[in-house]
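The values are calculated or read from the model by the stated rules, or taken from the named source; none is laboratory data. Worth saying up front: this structure is predicted, and the values here are computed from it rather than measured. Because the Cβ atoms are built from the backbone with ideal geometry, glycine has one as well, and the counts that use them run over all protein chains shown. All accessible areas refer to the heavy atoms of the entire protein, side chains included, with ligands and DNA or RNA removed. Shrake-Rupley method; radii C 1.70, N 1.55, O 1.52, S 1.80 Å.
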Amino acid sequence: MADEAVVVAVPEEEERRMVSIMVKPCDGVDAEGLYAKIKETIVSQPEYKLKWDDACKIEDGKIYTSFTIATAADFDEEVMEVIEYMEGEVASQLVTYQVAME
């Protein structure tokens, strides 16, 4: 019997997007403390099931992390704009990678 590819249909409401981001804290802001605050503060709407990585990578004072969120969500509005509004703590931010997981 030949190997066959199996395709499993995922209901649309279950489709997820994985997003990797970089957040640069303002001078004097503790990166680990800021990441904890981001995870605690940014929870999105319950139906989008936002899930942050438990840990982040801190390199050259910048936070590198990932999260998953429903593809139906506007992750820019649900997550990135909220981080942007943390003006006294966040100097800059950017998306380093994103992919829809079907």
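Brief remarks follow.
- A 1.4 Å probe, protein heavy atoms only, puts the accessible area of Phe75 near 30 Å².
- Of all lysines in the structure, the ones whose alpha carbon falls short of 16 Å from that of Lys57, not counting any fewer than 8 places away in one chain, are Lys24, Lys37, Lys39.
- Placing a pseudo-label 7 Å from each Cα along the Cα-to-Cβ vector at Asp30 and Val99 gives an inter-label distance of 3.5 nm.
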